[in-house]
Amino acid sequence: MDGERPDRVPLMCQMSFGHMLLQAGLEPAALWNSAEVFAEGLLRLRQRYGFDGILVSLHGHSPDWENGVSRIEKDLDKQVIHWKNGDRTVFPCDDLPIHYPASRRRLPVLSEIDPASIPDEIPFIPVSQNLEFPIDPGHRFDIFEIMMKKAGEEFSIHGEVTSPFDYFLNLFGFREALIGLIDDPPKAKEIIGRYAEAVTRLAVRIAGQGVDAIKVSSPYAGAGFISPLFYQEFVAPFEGQIASAVRRRGLPVYIHTCGAINDRLELMAAAGFSGIECLDPPPLGNVELDEAKKRVGERVFIKGNIDPVNVLLLASRESVREDARWRLEVGKPGGRFILSTACSIAPHTPRENVEVLSEVIEREGSY
């Protein structure tokens with residue numbers, strides 16, 4: 001990550017919550033809500049797969065989460081938490097939870113929001129599909145303390161924050177938010193800027209917990225959502241603010257953007273990040289590893305880019321092996337390469353296919 005050459009290529013993949021559920025043998029509701037159980041799941045799978053690093057994608061777990069539970073229903077396929085406030089959360093056995101609030105939040109329009117109303121402290125993580133993970137203000141960083149005590153001396157521990165652009169999308173909903181970029185760009189940037197200030201403060205505080213790197217999750221900044229011009233205007237300056245603040249603390253910081261990013265690789269590198277993650281290859285995205293290495297490989301480290309669906313999930317062990325060998329061959333020269341899936345390991349990915357990666361690294365990853 002610092003541009004120096006290690007003894008061998010590091011191996012570190014991000015795991016989907018569904019894969020953790022299927023492989024770690026832990027109860028869904030506890031894995032999601034408990035810092036101790038979530039840490040245990042991360043540690044079990046790191047050991048199983050021989051990863052050199054662990055991404056802590058959730059933080060701020062409340063130690064009192066069970067006090068808000070009215071009852072928990074369990075069957076073979078799912079758990080359902082009925083909360084005392086009337087909300088309901090369904091935990092499938094192989095996917096992210098689905099939260100059903102007792103009363104649905106009305107999405108505002110841009111003209112209704114005063115940018116000054118955006119809080120100074122980030123109160124939740126916008127996970128996916130309207131799912132928000134609440135951050136307990138008194139226990140924001142408990143998970144990092146647990147992980148540092150258990151694995152911080154042996155493995156690279158990474159914290160995660162979410163892009164200000166994601167918070168903007170989450171506030172208004174996708175349609176209203178994207179229309180707002182066109183209808184009132186100054187106000188949109190003012191709101192995104194307020195989120196950027198809050199996310200930057202959070203990232204700097206996580207950096208102070210002893211972690212080795214910070215990931216900025218920005219899944220909606222690819223070509224499937226916004227143009228390179230809008231990326232330069234509404235995403236890069238605000239994410240760059242986070243990157244600069246973390247790097248001033250002496251830590252590497254990398255950006256995670258899914259899908260098609262071939263038209264903005266140089267823009268992402270210019271935003272000030274130490275590295276780029278995903279670089280989804282065709283057909284999931286449009287980035288070829290050899291081309292990316294030539295274009296930005298001397299400026300940033302690359303973490304990727306094994307196809308998590310068509311290769312790791314659906315292909316044979318031998319096909320996974322050959323794919324990993326090719327990516328090592330392309331990624332190793334000049335260093336600055338971490339072998340990884342492009343995006344998360346899919347829930348039903350065979351354990352044996354993931355285990356192949358560490359075998360390839362041990363045999364052919366040395367410099």
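Please specify each residue of the stretch 1-30 satisfying the condition of being farther than 21 Å from LEU313 by Cβ and not in a loop (DSSP other than H, G, I, E, B). Across the stretch 1-30, the qualifying residues are ARG8, ALA29, ALA30. On the stretch given as the stretch 262-279, residues that are touching a residue at least 40 places away in the same chain (Cβ under 8 Å) and either surrounded by fewer than 22 Cβ atoms within 10 Å (Cβ to Cβ) or in a loop (DSSP other than H, G, I, E, B) (or both) total 4. Return the total of residues in the stretch 84-109 being among the aliphatic types (A, V, I, L, M), under 13 Å from ALA29 (Cβ atoms) and in contact (Cβ under 8 Å) with a residue 40 or more places away in the chain. The qualifying residues number 1.
I need the full set of residues from the stretch 78-116 which are within 30 Å of THR349 (Cα to Cα) and either in a strand (DSSP E or B) or over 26 Å from the mean Cα position of the chain (by Cα) (or both), in order please. Passing the criteria: LYS78, GLN79, VAL80, ILE81, ARG88, THR89, VAL90, PHE91, PRO92, ILE98, HIS99, TYR100.
The set of residues from the stretch 174-224 being of a type outside the set (A, V, I, L, M), part of a helix (DSSP H, G or I) and under 20 Å from ALA243 (Cα atoms) comprises LYS189, GLU190, GLY193, ARG194, TYR195, GLU197, THR200, ARG201, ARG205.
Answer yes or no: is there a residue in the stretch 225-248 that is at pLDDT below 95 and either of a type in the set (Asp, Glu) or not in a helix (DSSP H, G or I) (or both). Scanning the stretch 225-248 turns up at least one residue that is at pLDDT below 95 and either of a type in the set (Asp, Glu) or not in a helix (DSSP H, G or I) (or both). Any residue that is farther than 20 Å from SER156 by Cα, of a type in the set (Gly, Ala, Ser) and out of contact with any Gly (no Cβ under 6 Å at 6 or more places or on another chain) - is there at least one of those in the stretch 356-365? No, every residue in the stretch 356-365 fails to be farther than 20 Å from SER156 by Cα, of a type in the set (Gly, Ala, Ser) and out of contact with any Gly (no Cβ under 6 Å at 6 or more places or on another chain). Just one residue in the set SER358, SER340, SER366, SER316 is polar (S, T, N, Q), in contact (Cβ under 8 Å) with a residue 40 or more places away in the chain, surrounded by fewer than 15 Cβ atoms within 10 Å (Cβ to Cβ) and at negative phi; that residue is SER366. Out of the residues in the stretch 117-148 that are under 19 Å from the mean Cα position of the chain (by Cα) and among the acidic types (Asp, Glu), state the one that is modelled with the lowest pLDDT. Here the residue is GLU132. Just one of the listed residues (ILE81, ILE113, ILE72) is among the aliphatic types (A, V, I, L, M), surrounded by 12 or more Cβ atoms within 10 Å (Cβ to Cβ), touching a residue at least 60 places away in the same chain (Cβ under 8 Å) and more than 30 Å from SER366 (Cβ to Cβ), and it is ILE113. If you filter the stretch 280-312 down to residues that are touching an Asp or Glu at 6+ places or on another chain (Cβ under 7 Å) and assigned to a loop (DSSP other than H, G, I, E, B), you find that the one that is surrounded by the most Cβ atoms within 10 Å (Cβ to Cβ) is VAL287. Would you be able to say whether some residue in the stretch 257-275 is β-branched (Val, Ile, Thr) and under 18 Å from the mean Cα position of the chain (by Cα)? Yes, the stretch 257-275 contains a residue that is β-branched (Val, Ile, Thr) and under 18 Å from the mean Cα position of the chain (by Cα).
The values are calculated or read from the model by the stated rules, or taken from the named source; none is laboratory data. Model, not experiment: these values are computed from the prediction. Every residue, glycine among them, receives a Cβ derived from its backbone with ideal geometry; neighbour counts consider all protein chains shown.
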